[in-house]
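Participant: Pasting a structure below so you can have a look.
The values are calculated or read from the model by the stated rules, or taken from the named source; none is laboratory data. Please read these numbers as outputs of a predicted model, since none were measured by experiment. So basically every Cβ, Gly included, is an ideal-geometry build from the backbone, and we count neighbours across all protein chains shown. Just so you know, the surface numbers come from the protein's heavy atoms only, side chains and all, with ligands and any DNA or RNA stripped out. Shrake-Rupley method; radii C 1.70, N 1.55, O 1.52, S 1.80 Å.
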Amino acid sequence: MSTYGIDLGTTYSCIAHLDSNGNPEVIRNNEDDSNTVASVVFFENENNVVVGQAAKENVETDGDRVVQFVKREIGKRDTRTYEFDGKTYTPVEISALILTRLKNLVEAQGGTIEDVVITVPAYFGLEERSATRQAGELAGLHVLSLINEPTAAALSYCARQFQEDRTILVYDLGGGTFDVTVVKMSMAQNSSGRDVQKITVLATGGDDRLGGKDWDDRLYNHILHACCDENGITPEEVEAETRQDIRSKVEEAKRKLSKKQSAKVRIDVNGSRTEVTVKRADFEQMTSDIVAKTMNFVDATLEKVPAEAIDTVLLVGGSTYMPMIINAVEAKFPGKVQQHDPDQAVAKGAAIYASMLVEEVGTPSEGEETSGGETSHAEQLTSKFTVEDQTPRSFGPGVVDTKGAKHKYVLENFIKIGEKMPAVFSKTYYPLEDNQERVLLRAFENMSTDDALIPCVDEDGNPQATDPAHNVKLLGELVVNLPPNTSRDTPIKVTFKVDASGVHVEAVNTKTDETFETFLRTESDIDVERSAVHQLRISSD
Ligand code: ADP
Ligand code: MG
């Protein structure tokens, strides 16, 4: 099969497909003897770019030629670029290098790869999503769709056991991010009257700067100090090679501590061999505050969905292998915790979804029979699931509220976060003044569920820093030219349509029937003088 699911992670990425029996299977990274590929790129020289564990081993010694955590920058405004050997790389291009490495894994094992589904965090906005898609295309992949990571994890969990009407809390602790998401699985009927399982995101929370790396850093400092004590030196006297030696052994030691009560680490401290033994109990003590921090985020998310409503807690992400995490979550949700291949679940769910989209499974090839007339596992998957796409953000135009003594610029949310896609909403506005030549209709995305946000932008249309909680972002502008002598009573009907591929904005001058439209996938460059007068106002007064 040439359809794959890809978990493009902040620290590790993973690729999976459905095997000939329709069961999700990860493509091994034989070079690193792992199920995953480190999302780290090392630009050794102009002829050699390395992705994976080998790249990670250069972080301390050659850090300025290593790029990691690029997912935090993908699709962000004013994002930085990287320059190596006279070439400039954007986060999209770096991500494409990671995706190419995953593609090569498949090809090296004789497979062909065409259609893929790539996973994204549930909180990713439109620009992050479209940048992820672009990275896939740049790597020569045909991106069928994106899917939210917790939804993919829930999908792979449900492939093991079908559930009716369940509310699942996905606790995803990766290498650099922590995401809490509540998803609801429910039975519904599709358009052809068939029972299908629907997966809906109810609440999201977490911290994009919290993950396994924080545990690594604590362990690194612990080992560094132990090495110094043993050799009678100060941390400042420790050479870069020694630091890299500790850095590259820390993660392995952490993984060992997930299985064993203690881990021995041998470090070459400025030329002299030193052995440090770390006990699991000590490791747990030195990191207990970070465990507590993740539980606080769980509590915050439970303010939106009551704890009693949670039927199952799914542990996802490589860091949930740590017994301290399993214990902490189990203590809060006794008997409800489930963990299955936490570092692969997201990629496997994406593979299931990808196969559903191309309907490759469920149609056994000729000569292949399913035993006893029963449907195959693969058939069950495709016939029973549907993933309801929801808007990842709220969307709406910026308009002027003329009521009151002073004009106010407001963002009216047409479509709210979590609405079923495609979502459409229209409203009629009016030019701010008589004889207005044009309107610069700004389209925004944000994370608020309020009908309107005031104030949301400064006079130039830039989102105001005073409202960071709602993550207001200017997506682009639509220029609506008005004919001469247009009166301020001319109704202009504005429509927003949001679907998986982006936001479609349309404005119709209902007097002339002239239609203006734009498709906002990424920032649009509009070279028109910005002015406060080029606006629409809310009502005809
Ligand atoms: P991402 O953050 O990219 O989504 P993963 O979910 O694969 O990636 O999580 C990676 C993190 O999981 C890393 O910090 C890694 O050290 C950690 N990890 C992986 N396996 C284990 C293990 N057995 N014990 C402890 N931590 C682990
Ligand atoms: Mg992940």
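Participant: What whole number of Å gives the distance from the Cα centroid of segment 272-342 to the Cα centroid of segment 35-54?
Facilitator: Going from one Cα centre to the other spans 30 Å.
Participant: Can you tell me the accessible area per residue over segment 468-520, all protein chains present, probe 1.4 angstrom, in square angstrom?
Facilitator: 45 Å²
Participant: Determine, from the Cβ-Cβ distance of ASN48 and ASN327 and an R0 of 45 Å, the FRET efficiency 1/(1 + (r/R0)^6), rounded to the nearest 0.05. Intermediate values should be presented prior to the final figure.
Facilitator: On the way: r = 44 Å, r/R0 = 0.97.
The computed FRET efficiency comes out at 0.55.
Participant: Stokes-Einstein at 20 °C, 1.002 mPa s, Kirkwood radius from Cα pairs: D for the chain in µm² s⁻¹? Mind showing how you got there, number by number?
Facilitator: Details: Rh = 25.6 Å.
Value of D from the Cα-based Kirkwood radius: 84 µm²/s.
Participant: I need the phi-derived Karplus couplings for segment 167-176: 6.51 cos²θ - 1.76 cosθ + 1.60, θ = phi - 60°, integer Hz, Gly and Pro marked x.
Facilitator: Couplings: 10, 10, 9, 9, 9, 10, 10, x, x, x Hz.
Participant: Right, something else. Can you tell me what share of the DSSP beta bridges in the chain is antiparallel? A percent to the nearest 5 is fine. Each step should come with its number before you reach the end.
Facilitator: Values: 92 of 114 bridges.
Beta bridges within the chain, antiparallel portion: roughly 80 percent.
Participant: Then there's this: Per residue, how many Å² of accessible area does segment 1-96 show with a 1.4 Å probe? Working shown, then result.
Facilitator: Working: 4170 Å² over 96 residues.
Accessible surface, normalised per residue, equals 43 Å².
Participant: What GluC sites (Glu not before Pro) in segment 257-336 are in a loop by DSSP, with at most 11 other Cβ atoms within 10 Å of the Cβ?
Facilitator: On the way: sites: GLU275, GLU284, GLU303, GLU308, GLU330; in loops: GLU303.
The qualifying sites are GLU303.
Participant: A follow-up question, please. Would you kindly derive the ³J(HN,Hα) couplings of segment 325-338 from the backbone phi angles with the Karplus curve 6.51 cos²θ - 1.76 cosθ + 1.60 (θ = phi - 60°), listing them in order in whole Hz, with x for Gly and Pro?
Facilitator: 6, 4, 5, 5, 6, 4, 5, 7, 10, x, x, 10, 8, 10
Participant: Rounded to the nearest 500 deg cm²/dmol, what is the calculated helix-only ellipticity per residue at 222 nm for the chain, with -39500 (n - 2.57) per DSSP H run of length n ≥ 4? Let's see the in-between values first.
Facilitator: On the way: 11 runs with 138 residues, N = 541.
-8000 deg cm²/dmol, from helical runs alone.
Participant: Counting DSSP beta bridges with both partners in segment 96-225, what percentage is antiparallel, nearest 5? Don't skip to the end; give the middle numbers.
Facilitator: On the way: 20 of 26 bridges.
Taking every DSSP beta bridge within segment 96-225, about 75 percent pair in antiparallel fashion.
Participant: Quick check on my link table: of LYS56/LYS259; LYS254/LYS336; LYS293/LYS408, which ones sit more than 31 Å apart, alpha carbon to alpha carbon? Could you put the intermediate results ahead of the total?
Facilitator: Working: LYS56/LYS259 23 Å; LYS254/LYS336 26 Å; LYS293/LYS408 40 Å.
Beyond 31 Å: LYS293/LYS408.
Participant: For LYS76, which lysines qualify as cross-link partners when the Cα separation must be under 23 Å and same-chain residues fewer than eight apart are set aside?
Facilitator: By straight Cα distance, LYS76 reaches LYS87, LYS213, LYS416, LYS473, LYS497.
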